[in-house]
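> After the structure tokens below, expect a handful of questions from me.
Rule-based calculations on the coordinates, nothing more; no lab input. Computed from a predicted structure; not experimentally measured. Here the Cβ is made from the backbone with ideal geometry for all residues, glycine too, and neighbour counts use every protein chain on show.
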Amino acid sequence: MNRVNCIKELRKGYQWDIVIVGGGASGLGAAVDAAKRGYKTLLIEKNDFAKGTSSRSTKLVHGGVRYLQNGDISLVIEALKERGIMKLNAPQLVNEMSFVIPFYDWWNSPFYGLGLKIYDMMAGEMGLGPSTLLSKNETIELIKNVKQEGLKGGVIYHDGQFDDSRMAITLSLTATDLGATIINYAEATDLIKENDLISGLELLDHESGEKFTIKTKVVINATGVFSDQIVRMDQPRAQPMIKPSQGTHLVLERSFLDGPHAIMIPHTTDGRVLFAVPWHNHVVLGTTDTPIDYAYEEPKALEEEIAFILSNASQYMSKKPRREDVKSVFAGLRPLAAQQGDPNQTKEVSRHHKVNVSTSGLISILGGKWTTYRKMGEDAINTAALVAGLKEEKCKTKKLLLHGYDENAEINDPLHVYGSEKKKIISMGKPEDNDSLSDKFYISKNLILWSVENEMAIHIEDVLARRVRCLFLDAKETLRIAPEVADIMATALHKDDRWILQELKKFNTITKNYIL
């Protein structure tokens, strides 16, 4: 992932088979698929990889128990299959997580007991473990600080967990390994047409200000909640295809979840489920489902969302979280495919993805979820090959081991997400360069340099929010170490004191959204 070399590729001016706009889950999944099939592939991202929705998930790789409750059987079956594929192809990033659902009403027991047995059955050979009904005492033993008043029992089931933006970077590296050219901070500013068919696009490099005219056989719009902006470059009067929905999460210290198991709260005040999930030695609480009229690049958690999560979590946790306990808050926007009906009921909108083709040949990936990223990429590239008249090649990603594959990665090791690259990182520089700059989370000089030299990180936010997850774990502590991180990056990138000041000012502004 060398940005200078990728920009040089653009200057050669040749025609690409496929150009993908958007560097989140769907775009990166499509880039890996296209490159593996041997198509000449370019991916551009306006900001940084996984800057938006794809770094702000609940960190789950799951079939979706709630989707099963809603009767969306086909999505659950597809997602459970893809969950298994993700774990097989990237075991360093995807781990099994057990979830305990506490029951306070007897009628809940048979529904979740039977429903989760069906969930297990749907997973088939890809299952991560059988669900089991629990007595009151067994439930308390597994989640010691669960509220005991009125507790009747529970059920334990098994799903997957991952680090979303690290998965995005792994897909970026995998696509690069396969010959794709990927560039962050490169924006598609317009589409080019010949005889009413798309033949290329105009591109702006935000880092240098340089403009490029890109020729391609087909363009894939994989910009998630911003898909309508690209669609309107093609068809200015097009109706909205995306209905954004905001999901907010709160992050607490690990002590609020005493044990290795996650909690799934089955019935919140708005009819959703709520998760309390251990993640990087912290606890993620979420999420909400709030209809949003406009997609912002930096969505901000609403006061009512924060109150909702704290209130509902407090009903099930003996150690009740308060505002002052929140170490970080983050909000993301789901790119739900628009549909007719009540616009305020986004929790009922299916998480299925759609692949749309316009009359001029623009392909748009709409909707979807992280767990099904690979299938979204497969469907998009199948369509792109037809539209562009490319040589027919079958999808080859079902058994494609992703960059850094390591089946022996230890989940409690802070470097586990790097897989087989761990040894290279540790051996960089002096031994003390592996010491953490913080006692709240792990970030070392070597990790910062690795992000800059090997993972196309060029701004402080790239490192502290997405290459390493500091900002999502403890925002105030991240602000404390930001100047030291800026100094290390400035040396590696050959930047001056003015760059450091500009970067810190910009990062301080962004960080305000993560602090209550």
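> Would you calculate the separation in nanometres between label points at Arg323 and Tyr104, each defined as 7 Å from the Cα along the Cα-to-beta-carbon direction?
Here the answer is 2.4 nm between the modelled labels.
> Using a Förster radius of 22 Å, what is the FRET efficiency between Lys476 and Tyr296 based on their Cβ-Cβ separation? Nearest 0.05, please.
0.45
> Name the shape class, rounded, prolate or oblate, that the alpha-carbon gyration tensor gives for segment 273-423, where a ≥ b ≥ c are the square roots of its eigenvalues, rounded holds for a/c under 1.5, and otherwise prolate holds if a/b is larger than b/c and oblate otherwise.
oblate
> Follow-up question, since we're still on this one. How much net charge surrounds Lys152 when only the other residues with a Cβ under 13 Å from the Cβ of Lys152 are counted, with Lys and Arg +1 and Asp and Glu -1? Intermediate values should be presented prior to the final figure.
On the way: positive: Lys136, Lys147; negative: Asp105, Glu138, Glu149.
So the surrounding residues net to -1.
> How much net charge surrounds Asp258 when only the other residues with a Cβ under 14 Å from the Cβ of Asp258 are counted, with Lys and Arg +1 and Asp and Glu -1?
For residues surrounding Asp258, the net value is +3.
> Using 0.36 nm times the number of residues separating Asn382 and Glu432, minus their current alpha carbon distance, what extension gain do you get?
Additional length available on full extension: 13.1 nm.
> Also: DSSP loop (so not H, G, I, E, B), at most 15 other Cβ within 10 Å: list which chymotrypsin sites (Phe, Trp or Tyr not before Pro) in segment 77-165 pass both filters.
Those that pass, being in a loop and sparsely packed, are Trp106, Trp107.
> How would segment 4-142 be classified by its alpha-carbon gyration tensor: rounded, prolate or oblate, with rounded meaning a/c under 1.5 and the a/b versus b/c comparison settling the rest?
Numbers: a/c = 3.14, a/b = 2.71, b/c = 1.16.
Prolate, since a/c reaches 1.5 and a/b exceeds b/c.
> Moving on to the next point. Give me the distance between the Cα centres of segment 281-330 and segment 457-474, rounded to whole Å.
20 Å
> Shifting gears a bit: Only helical DSSP H runs with n ≥ 4 go in: add -39500 (n - 2.57) per run for the chain, normalise by residue count and round the 222 nm mean residue ellipticity to 500 deg cm²/dmol.
Here the helix-only value at 222 nm equals -10000 deg cm²/dmol.
> Here is a follow-up. Convert each backbone phi in segment 262-269 into a coupling constant with the Karplus relation 6.51 cos²θ - 1.76 cosθ + 1.60 (shift: θ = phi - 60°), then list the ³J(HN,Hα) values in order as whole Hz, x for Gly and Pro.
My calculation for segment 262-269 gives 8, 10, 10, 8, x, 9, 9, 5 Hz in order.
> When the chain is fully extended, how far beyond the present Cα-Cα distance does Ser74 get from Glu9, taking 0.36 nm per residue of separation?
Between Ser74 and Glu9, full extension yields an extra 19.3 nm.
> Cα axis of helix 373-388 to longest principal axis of the chain: angle in degrees, 0 to 90, nearest 10?
That works out to roughly 30 degrees.
> For the pair Asp413/Asp487, report the inter-label distance in nm, with labels modelled 7 Å from Cα in the Cβ direction.
3.0 nm
> What relative contact order, as a whole-number percentage, does segment 427-514 give when Cα pairs under 8 Å and 6 or more residues apart are counted? Provide the component values of the computation, followed by the final result.
Working: 84 pairs, mean separation 22.8, N = 88.
Averaging sequence separation for qualifying contacts and normalising by length gives 26 percent for segment 427-514.
> Once the Cα atoms of helix 25-36 and of the chain are each reduced to a long axis, what angle between those two axes, in degrees from 0 to 90 to the nearest 10, is obtained?
Value to nearest ten degrees: 50.
> To the nearest 10 degrees, how steeply does helix 164-177 sit against the main Cα axis of the chain, on a 0 to 90 scale?
Orientation of helix 164-177: about 30 degrees from the principal axis.
> Continuing with the same structure: All other residues with a Cβ under 10 Å from the Cβ of Leu128 taken together, and with Lys, Arg as +1 and Asp, Glu as -1, what is their net charge?
That works out to -1.
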